[in-house]
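Notes follow the structure.
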There are 2 protein chains.
Amino acid sequence: MSPARTDHDSRRQDVSEAVWQVLAEHGFGGLTMRAVAAALGSSTGLLTHYFAGKRELIAHALDILEVRTAQRPRQAAPAPGLAALRTQMLNILPLTPDAAAMNRIWVGSWDVALSDPDLFAAQSLRYERIRAGLRTSIEDAQRVGELPDGDSGRLATTVLAFTHGLVVQALFDPERLPAATQTRLVDDFLAALTR
Amino acid sequence: MSPARTDHDSRRQDVSEAVWQVLAEHGFGGLTMRAVAAALGSSTGLLTHYFAGKRELIAHALDILEVRTAQRPRQAAPAPGLAALRTQMLNILPLTPDAAAMNRIWVGSWDVALSDPDLFAAQSLRYERIRAGLRTSIEDAQRVGELPDGDSGRLATTVLAFTHGLVVQALFDPERLPAATQTRLVDDFLAALTR
DNA sequence: GCGTACATGCCAAACGTTTGTTATGTACGG
DNA sequence: CCGTACATAACAAACGTTTGGCATGTACGC
């Protein structure tokens, strides 16, 4: 059929990273086809060659974002349970410049997602997946007595709420909330949960 | 100077509410001069008569937003301390359709605020004011033994993080987080803090 | 092997629309 | 009349998208 002259998927990823770069710097309000093309050093024609339109550009960029956040290369996977939960929370927080850039995009996406039905649904799904991940760690922790019994679903909601709320504050006041302080707040929070 | 034919300030407020209405429906990405004028039932010429440009329109609308959130007409001011803290948290949450609309704007503003230095500074200040309000309630609660001693500033950060994180989740999944469930999560959270 | 046929990768330019802003015109109370 | 309060209309710039074309590669009958 079509032995590709260039690797299609890898090119799509290049484009997505250019989108990413523009978003981190100018937010969704500054995301334009021309800006992405400039960041990529190409023409807007290239973009439409790999993506149907601006809409798909955004959607694909957000998909990549979720995966990267979950698979952030942090210290080796800890023991399941409370330690794993802690690692999951730290993986989300903007503890490094790179993580801060990703979170800026993540937070910025909420405006578009709240106004676009498709992106809204995708974002809701993403949240559910994240909560599911937290929940299994919570249930592991409960099984070994690291956390008191209780509705693990509600607890996952609480943990995610705290984490994302901390993300927002850290983005708007990075000097008051450096990495060490964020970690401290997470540990205090988890200590309160263990009663 | 000018015995005004119309009340200048009241007209500015009318404009701001039109801005508000557009933001709640289409987000910051859909905020245009013409959309605001249409929502107001006027021309764009009116807008420029009261505001220098789009920038000032946004800034003023966000100022109003903060004031309204803080002064939301909820049940009469409770006793200072833990009860007051609880009320402050409930005042923020999207427990009513009106509050949900305000939160949609609030959350949406983060994208622009993160990319615009002026709005960024204004937003940071707003957060500090909110935390200060929470902090006095926390210290009151600590004084009467409703909360264990500890850094009230860090605790305020934790409370605000949880609250705003809950706002985001509630906006993206209103069916899973109706008003009653949100209130329940707040009470569970506060119970955990009281150890 | 080779030349035709065709698909792919990409650019440059142009399309029509929408944007924020500004200039001009009109109505009218003081 | 003069200045305020708007509407109307125009403006250049920027927007997302479409188009035509030029390469450059593979596929295949011969």
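Note on A:171-181: average number of Cβ atoms from other chains within 10 Å of each residue's Cβ is 3.
Projecting the Cα atoms of B:169, A:101, A:193 onto the charge dipole of the protein assembly as shown, computed from C-beta unit charges around the Cα centre, puts A:101 farthest toward the positive end. For the rotational copy pair A/B, the chain A residue whose Cβ lies nearest the symmetry axis, together with its distance in Å, is A:165, 2.
When the stretch B:9-142 is described by a simple charge dipole with +1 on each Lys and Arg Cβ and -1 on each Asp and Glu Cβ, the residue from B:115, B:46, B:61 located farthest towards its positive end is B:61.
Hey, got the average number of other protein chain Cβ atoms within 10 angstrom for residues in A:23-29?
Values: counts 2, 2, 1, 4, 8, 8, 8.
Mean shielding count: 5.
Each residue of the stretch B:118-126 was assigned a 3J(HN,Hα) from its phi angle through the Karplus expression (A = 6.51, B = -1.76, C = 1.60, θ = phi - 60°), giving 5, 5, 4, 4, 4, 5, 4, 4, 4 Hz with x at Gly and Pro. Neighbour counting of Cβ atoms within 10 Å sorts the residues A:110, A:20, fewest neighbours leading, into A:20, A:110. Shown for A:86, A:195, A:176: other C-beta atoms within 10 Å of each C-beta, ranked fewest to most, produce the order A:195, A:176, A:86.
So what is the relative contact order for chain A, in percent, with contacts set as C-alpha pairs under 8 Å and at least six apart? Value for chain A: 20 percent.
Computed 3J(HN,Hα) for the stretch A:80-93, one whole-Hz value per residue from the Karplus formula 6.51 cos²θ - 1.76 cosθ + 1.60 where θ = phi - 60°, is x, x, 4, 5, 5, 4, 4, 4, 4, 5, 5, 5, 7, 5, glycine and proline marked x.
Based on the Kirkwood approach, the hydrodynamic radius assigned to the stretch B:75-193 is 15.1 Å, with every pair of different Cα atoms included. Protection proxy ranking, highest mean first, for peptides A:162-174, B:87-99: A:162-174, B:87-99, where packing is the per-residue count of other beta-carbon atoms within 10 Å, averaged.
Using the rule -39500 (n - 2.57) for each DSSP H run of four or more residues, divided by the residues of the protein assembly as shown, the 222 nm mean residue ellipticity is -24500 deg cm²/dmol.
Can you order the peptides A:114-122, A:133-141 by their average number of other Cβ atoms within 10 Å per residue, highest first? Mind showing how you got there, number by number?
Values: A:114-122: 16.0, A:133-141: 20.9.
Answer by packing, highest mean first, reads A:133-141, A:114-122.
Viscosity 1.002 mPa s, temperature 20 °C: give me the Stokes-Einstein translational D for the protein assembly as shown in µm²/s, with Rh taken as the Kirkwood radius over C-alpha pairs.
Values: Rh = 22.5 Å.
Translational diffusion coefficient: 95 µm²/s.
Shielding by partners for peptide A:99-111, expressed as the average number of C-beta atoms from other protein chains within 10 Å of each residue's C-beta, is 4. Neighbour counts of C-beta atoms inside 10 Å place A:26, B:49 in the sequence B:49, A:26, starting with the fewest. Sequence-distant contacts, meaning Cα pairs under 8 Å at least 6 residues apart, place the relative contact order of the stretch B:8-65 at 36 percent. Equivalent ellipsoid of the stretch A:8-130: semi-axes from √(5λ) of the C-alpha gyration tensor, largest first, are 28, 16, 13 Å. From the Cα gyration tensor of the stretch B:8-65, with a ≥ b ≥ c the square roots of its eigenvalues, which class applies: rounded if a/c is under 1.5, or else prolate if a/b is larger than b/c, or else oblate? Judged from the Cα gyration tensor, the stretch B:8-65 comes out rounded (a/c under 1.5).
We did not get these values from a lab; they are worked out from the coordinates using the rules stated. Only a predicted model underlies this, so the values are computations on that prediction, with no experimental measurement involved. All Cβ positions, even for glycine, are placed from backbone atoms using ideal geometry, and neighbour counts span all protein chains on display.
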